[in-house]
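Heads up, the thing below is written out as structure tokens.
Throughout, read-outs are computed from the coordinates displayed, never taken from laboratory work. The shown structure was predicted, so the numbers you read here are calculated from the model rather than taken from an experiment. In this analysis, Cβ positions are derived from the backbone assuming ideal geometry, glycine residues included, and neighbour counts consider all displayed protein chains.
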Amino acid sequence: MKIGIIGAGLSGLTAGRILAKAGHEVIVYEKSKGYGGRMSTRRRNGAAAVKLDHGAPYLTGTSPEFRTFIEELEAKGIVAGWTDTVSCYTEGRILAEMPGREPRKLYIAPEGMNSIGKYFSRWMDFYMSEKVGGITHIGGSRIRKSPWMINSSSINVFEADAVIIATPAIQAYGLVSTAQDEFDIRKMITLIDDISYTSTISFMAGYGERNPAVWKAVVCDHPVLSWICNESSKRDYSGDMNLVAHTTHRFAKEMIELDDLNEAGRRIMKALGAILGSWAARPEWHQSHLWRYHLPKKSLDMPFIESEDDLAPLALTGDYFQGRSMEAAYLSGLKLGTHWVEKFS
Ligand SMILES: Cc1cc2nc3c(=O)[nH]c(=O)nc-3n(C[C@H](O)[C@H](O)[C@H](O)COP(=O)(O)OP(=O)(O)OC[C@H]3O[C@@H](n4cnc5c(N)ncnc54)[C@H](O)[C@@H]3O)c2cc1C
């Protein structure tokens, strides 16, 4: 079966790998230039030396399936243990450990979180920088014709026997809505139509050579910042200090309304100075990235959604199924892939 997957994030890549290993032809359509979706890494000015995870900063999980996955990545040298504890900022000071948090091993990717997506890429074919604008159901009974057309926002049209939409729920809603207005598809839309996401701004900053910070990450109780990560502790840099900070949803929303990332940057630097000391308000360079879809505010109590039409299979997978995390994205993709391997063997 020729399966088109929209989205090269963890859920789509996980489902795709299982299906490709089972002998299906899997083609992934991804609107951005890189693999991994929200597990993404930015190279500062294209320099190989400075990599900053401006999406999800680390990997951790509790389910046996996700632990097995982390073990696979560790065995391949793609992830490595980072820390069991994180610091926290509360009532105007930094505590070495967050009170009440059970120690849990966090893993980072020394080459950047996007190397996890790159690792998956060997099993599938990709169209990168290919934004899908819609899907068309052309009918399962047509002889020698595939039941689906995937329409890119450019002029390209691709045929597929089955489609998996592996994007955040809001984008999936838009894509499913472009398919024919059939009862089955309307049912899918109804299930996902009230899933909204928190937003965040990732602020990346470099400070040049500095004494290494004693903390690896600080969870912040602060109106502007929720998380500060010492990126230099993930990679062996030449003594340079690089940070990635994430803002609170409330602050990101305010900045979306203001439509001014420069103003956001100024306020974030001020907050960094207040939390870490005045040096942190004066980086040598900085960049901001707005994530409209950070984490789902709620999740669905099912592992994935699929249409009932087996002649034109269509399914949704992602981090909004049975959780609100990377682990949820992985498990959703895993369960969908395994189910389709059994169903369409
Ligand atoms: C700043 C930040 C911090 C985070 N921190 C954590 C954390 O600490 N712990 C945790 O568990 N999770 C965290 N997350 C969330 C985690 O990254 C996600 O839950 C997970 O990666 C989602 O995977 P996914 O496959 O569901 O979706 P995504 O990774 O979003 O993948 C979807 C892909 O679909 C592509 N796409 C969308 N629309 C189209 C289209 N029309 N055509 C083609 N391609 C399209 C997107 O470009 C993207 O690559 C964080 C996320 C961010 C942004």
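Entry note, the chain: relative contact order of 22 percent, from Cα contacts under 8 Å with a spacing of 6+ residues.
The three principal axes of the Cα atoms in region 9-86 give end-to-end lengths of 38, 32, 19 Å, sorted in falling order. Averaging the sequence gap over all C-alpha pairs within less than 8 Å and six or more residues apart, then dividing by the number of residues, gives region 1-97 a relative contact order of 17 percent. Of the residues Ile256, Ser199, His246, the one whose Cα sits farthest toward the positive end of the charge dipole of region 192-273, with +1 on the Cβ of Lys and Arg and -1 on the Cβ of Asp and Glu, is His246. In this calculation the C-beta distance from Glu263 to Lys298 is compared with R0 = 35 Å, giving a FRET efficiency of 0.70.
The sum of -39500 (n - 2.57) across all DSSP H runs of n ≥ 4, divided by the residue count of the chain, sets its helix-only mean residue ellipticity at 222 nm to -8500 deg cm²/dmol. Treating r as the C-beta distance of Ile256 and Thr178 and R0 as 30 Å, the FRET efficiency rounds to 0.75. For Glu306, what charge total do you get from the other residues with a beta carbon under 12 Å from its beta carbon, if Lys and Arg give +1 and Asp and Glu give -1? Here the count lands on -1. If amide hydrogens are placed 1.01 Å from N in the peptide plane, which non-local residues have theirs closer than 5 Å to the one on Trp285? Amide H to amide H, under 5 Å and 5 or more residues apart or across chains, Trp285 pairs with Gly206. Phi angles of region 298-305 translate, via the Karplus equation with coefficients 6.51, -1.76, 1.60 and θ = phi - 60°, into HN-Hα couplings of 9, 10, 9, 8, 7, x, 6, 10 Hz per residue; Gly and Pro are given as x. Scalar couplings 3J(HN,Hα) for region 83-92, obtained by applying the Karplus form with A = 6.51, B = -1.76, C = 1.60 to θ = phi - 60°, are 7, 9, 10, 10, 7, 8, 10, 8, 6, x Hz; x denotes Gly and Pro. The convex hull drawn around the Cα atoms of region 252-345, when projected onto a plane and averaged over every direction, covers 9.5 nm².
With an 8 Å cut-off on Cα pairs and a minimum separation of 6 or more residues, tell me the relative contact order of region 99-207 in percent. Rounded, it is 17 percent for region 99-207. The alpha-carbon atoms of region 6-146, seen along their principal axes, cover 68, 38, 30 angstrom, with the largest extent given first.
Between amide H atoms placed 1.01 Å from N, distances below 5 Å from Ala217 occur with Ser87, Asn230, all of them 5 or more places distant or on a separate chain.
Taking 7 Å steps out from each Cα toward its Cβ at Lys33 and Ala49 produces label points 2.1 nm apart. Of the GluC sites (Glu not before Pro) in region 131-209, the ones in a loop by DSSP (not H, G, I, E or B) with at most 14 other beta carbons within 10 Å are Glu182. In this simple spin-label approximation, Val157 and Arg282 carry label points 7 Å from Cα along the Cα→Cβ vector, and these lie 6.1 nm apart. Largest first and in whole Å, the equivalent-ellipsoid semi-axes of region 204-309 read 31, 19, 13, each the square root of five times a Cα gyration tensor eigenvalue. The charge dipole of the chain, taken about its Cα centre with unit charges on the Cβ atoms of Lys, Arg (+1), Asp and Glu (-1) only, comes to about 700 debye. Under a 5 Å amide H cut-off, with hydrogens placed 1.01 Å from N, Thr178 pairs with Ile135 among residues at least 5 apart or on other chains. Cross-link check: pairs Lys51/Lys216; Lys187/Lys335; Lys33/Lys105; Lys2/Lys343; Lys51/Lys76; Lys105/Lys253 evaluated at a Cα-Cα cut-off of 25 Å; pairs beyond the cut-off: Lys33/Lys105; Lys105/Lys253.
Annotation for region 99-128: trypsin sites (Lys or Arg not before Pro) lying in DSSP loop with at most 13 further Cβ atoms inside 10 Å of their Cβ are Arg101, Arg104.
If you bin all the Cα-Cα distances of the chain at 10 Å, starting from zero, the percentages per bin are 5, 24, 32, 22, 12, 4, 0.
For region 253-265, the Karplus equation 6.51 cos²θ - 1.76 cosθ + 1.60, evaluated at θ = phi - 60°, returns couplings of 4, 4, 6, 5, 5, 6, 6, 9, 5, 5, 5, 4, x Hz by residue, with Gly and Pro reported as x.
Given R₀ = 25 Å, what would the calculated FRET efficiency be for Lys2 paired with Leu191, taking r from the Cβ atoms and rounding to 0.05? Efficiency, rounded to the nearest 0.05: 0.45. For region 63-111 versus region 1-61, the inter-centroid distance based on Cα atoms is 21 Å.
Loop-located GluC sites (Glu not before Pro) in region 6-112 (DSSP state not H, G, I, E or B) with no more than 11 neighbouring Cβ atoms inside 10 Å: Glu91.
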